[in-house]
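Below: one structure, written as structure tokens.
The values are calculated or read from the model by the stated rules, or taken from the named source; none is laboratory data. Treat the numbers as computed from the prediction; the structure is a model and nothing was measured. Cβ sites come from the backbone with ideal geometry, for glycine too, and all protein chains shown count toward neighbours.
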Amino acid sequence: MTGTLHLNAQQRELLARSLDADEADDLSALLKRAVLETARGEVSALTVPAVSGRALDWRSRLAHPVPTERELLEEFVLEPGTGKALEVRAGELVRIEQIEGAQCVDFNVFNLHDYREFFHTGRTRTLHGINPGAGDVLWSSPPRERAMMFILTDTVHCNDVVFPRCSANLYETAYGFATHTNCADIQAEAQREYGLTPDDVHDSFNLFMATSVDDGMPGIHHQSSKPGDHVELLALMDVLAVPNICGADVMKTSNFSIKPVLVQRWRAGAADLDAVPELRAYDTQRTVEQFRQPVIRQERALQRDLSYVPAFANTPIHDEAVEVQLDTETAEAFAGLWRHDLYATEGEALRDVLLAWWAAAHRA
């Protein structure tokens, strides 16, 4: 049986790299593997072929010798209704510790040397789920997508990257307050010490916040953190870290109260640094030098650039017909996989099975 796949250049490149990696002898054989493994529910675990990944030498960013044991550099109590911006150098860690227990803390992170690189909840959520904990990483926003901090210790595993920061508007529209403590305003005030504006506040890593997603809707629950419970975050680059006491006292977030927490900044010891797993660097983690427009705007009003010429990558996009051979076993297995509710043609359904298998096999 002959089938026809309609593939664009990017899709053909993807499959060609699989063939170069000896995942199959040719495209027909790769399709057979995809169909049969999918039908059996036994999808292989394969390495993504031909990427630029290499070991990230983040320790080269350290500006100080690594002590054998931790060294306490700074300690203070973060009071209700407040936040504090901290310069945390690569190889230092921030410890947020409960004093009374059950207090949510919002945590913003910026690259200390380029504030336009900042912690991104979406990237972190995609890689680590909605409740990141010990062993996970705080990632920066596209187009950089770099590891900013490593969650070294988490005694509760009660953190969130689903909910946005609470705001003044939330407390007016939902509760009728003209003025109320809220994370957006507290963050803005704390960051103002470094010249940042309210527009620079980003969605935070919500420490000690119990959440879930049920039937597509996020929910907040009571939390059970106790005095002494803590989260430790190790800086993998120089960052501005900004913890603030969540201002919610009319929600379950902090069990209907607002309480202080202890904040410490440490120079990490050798064992702390050794706990960080190997991280990878990629060519696609873009730098400012690669931007076609690297200049940060000063004016708020937008105006069209009359000299602009589009330079979109890999365009125009066109499909090409590629013939494949299906033996009887493959054709029969494919018949049970064809999503007739989605695809009217055999070629579309074959492409779906092949590319869906590829993503599952390579954990993309």
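Details
- Close pairs (6 angstrom Cβ cut-off, 6 or more residues apart or separate chains): in the same structural domain as VAL35 (by TED's automatic domain parsing) and assigned to a loop (DSSP other than H, G, I, E, B) in the range 6-24, modelled with pLDDT of 95 or more and not charged (D, E, K, R) anywhere: ALA24/LEU30
- Residues of the range 241-265 satisfying the condition of being crowded, with 22+ Cβ neighbours inside 10 Å and closer than 21 Å to PRO132 by Cβ: ALA241, VAL242, PRO243, ASN244, ILE245, CYS246, ALA248, THR253, SER254, VAL261
- Looking across the range 290-316, not a single residue is of a type in the set (Val, Ile, Thr) and surrounded by 10 or more Cβ atoms within 10 Å (Cβ to Cβ).
- THR284 passes every criterion in (1) in contact with a Ser or Thr (Cβ under 8 Å, 6 or more places away or on another chain); (2) at pLDDT 95 or above apart from (2).
- Residue within the range 52-63 that is touching a helix residue (DSSP H, G or I) at 6+ places or on another chain (Cβ under 7 Å) and surrounded by 14 or more Cβ atoms within 10 Å (Cβ to Cβ) present: no
- Of all the criteria given as (1) polar (S, T, N, Q); (2) over 12 Å from PHE205 (Cβ atoms); (3) crowded, with 16+ Cβ neighbours inside 10 Å, the one not satisfied by THR126 is (3).
- Selection from the range 25-42 of residues that are outside any helix (DSSP H, G or I) and either small (Gly, Ala, Ser) or under 32 Å from the mean Cα position of the chain (by Cα) (or both): GLY41, GLU42
- Helices (runs of 4 or more DSSP H) within the range 246-364 that include 1 or more residues under 30 Å from THR153 (Cβ atoms) and either assigned by TED's automatic domain parsing to the domain that holds LEU127 or under 32 Å from the mean Cα position of the chain (by Cα) (or both): 270-274
- Residue list for the range 234-245, filter: part of a strand (DSSP E or B) and of a type outside the set (S, T, N, Q): LEU234, ALA235, VAL239, LEU240, ALA241, VAL242, PRO243, ILE245
- The number of residues in the range 138-151 being surrounded by fewer than 21 Cβ atoms within 10 Å (Cβ to Cβ) and among the aliphatic types (A, V, I, L, M) comes to 1.
- Residue in the range 119-127 that is farther than 20 Å from VAL276 by Cα, touching a residue at least 24 places away in the same chain (Cβ under 8 Å), of a type in the set (A, V, I, L, M, F, W, C) and in contact with a strand residue (DSSP E or B) (Cβ under 8 Å, 6 or more places away or on another chain) present: no
- On the stretch given as the range 128-159, residues that are assigned to a loop (DSSP other than H, G, I, E, B), acidic (Asp, Glu) and in contact (Cβ under 8 Å) with a residue 24 or more places away in the chain total 1.
- So VAL105, is it surrounded by 23 or more Cβ atoms within 10 Å (Cβ to Cβ), out of contact with any Asp or Glu (no Cβ under 9 Å at 6 or more places or on another chain) and either under 25 Å from VAL66 (Cα atoms) or at pLDDT 95 or above (or both): yes
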